[in-house]
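Notes follow once the structure below has been shown.
The values are calculated or read from the model by the stated rules, or taken from the named source; none is laboratory data. Note that the structure is predicted; figures quoted are calculated from it, not measured. Note that each Cβ is placed from the backbone with ideal geometry, even for glycine, and that neighbours are counted across all protein chains shown.
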């Protein structure tokens, strides 16, 4: 199965509010930029990427979680991040049943994650820089 099919299957496996919430968030994420690519990693996690990982989705018993790999480096003026707040890298937006989200604010977080990924030097550039120092 390709990654999109895997994500479809995960959503179908959870016909309750959790599958619906992940489907809603998936549509929102993919709508931010046509270059965003869906992946399936770590033995069962939907991942959305553009110039690197942006968001990792997970369905748990009582929540749906969107993990931003470098969320600690992203401004969150609307205060959407409500999970993994103590670390120095990741942040997450976690939904319980009935929770809603400010779509515009979440799209801004995704755009900020894209900008952060694009601002990082590529692995090839890092390798070239390391070789130049030798």
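Among the residues of the range 31-59, those that are loosely packed, with under 15 Cβ neighbours inside 10 Å and farther than 18 Å from residue 107 by Cα comprise 41, 42, 43, 44.
Set side by side, the residues 85, 28, 106 differ, and just one is under 27 Å from residue 5 (Cα atoms) and touching a strand residue (DSSP E or B) at 6+ places or on another chain (Cβ under 9 Å), which is 106.
Taking residue 28, is it under 16 Å from residue 106 (Cα atoms), at pLDDT 95 or above and surrounded by fewer than 19 Cβ atoms within 10 Å (Cβ to Cβ)? Here the answer is yes, as residue 28 does meet what is asked. Among the criteria (1) in contact with a strand residue (DSSP E or B) (Cβ under 8 Å, 6 or more places away or on another chain); (2) without any contact (Cβ under 8 Å) to a residue 12 or more places away in the chain, the one residue 121 does not fulfil is (1). Go through the range 63-80 and give me each residue that's in a loop (DSSP other than H, G, I, E, B) and under 22 Å from residue 38 (Cα atoms). Hits for the range 63-80 are 63, 69, 70, 74.
Within the range 27-47, if we keep just the residues that are free of Cβ contacts under 8 Å to residues at least 60 places away in the same chain and within 9 Å of the chain's Cα centre (by Cα), the residue that is farthest from residue 13 (Cα to Cα) turns out to be 47.
Can you tell me how many residues in the range 2-17 are touching a strand residue (DSSP E or B) at 6+ places or on another chain (Cβ under 9 Å) and free of Cβ contacts under 8 Å to residues at least 60 places away in the same chain?
Taking the range 2-17 first, the residues touching a strand residue (DSSP E or B) at 6+ places or on another chain (Cβ under 9 Å) are 2-7, 10-11, 13-14, 17.
Remaining after also requiring free of Cβ contacts under 8 Å to residues at least 60 places away in the same chain: 2-7, 10-11, 13-14.
The qualifying residues number 10.
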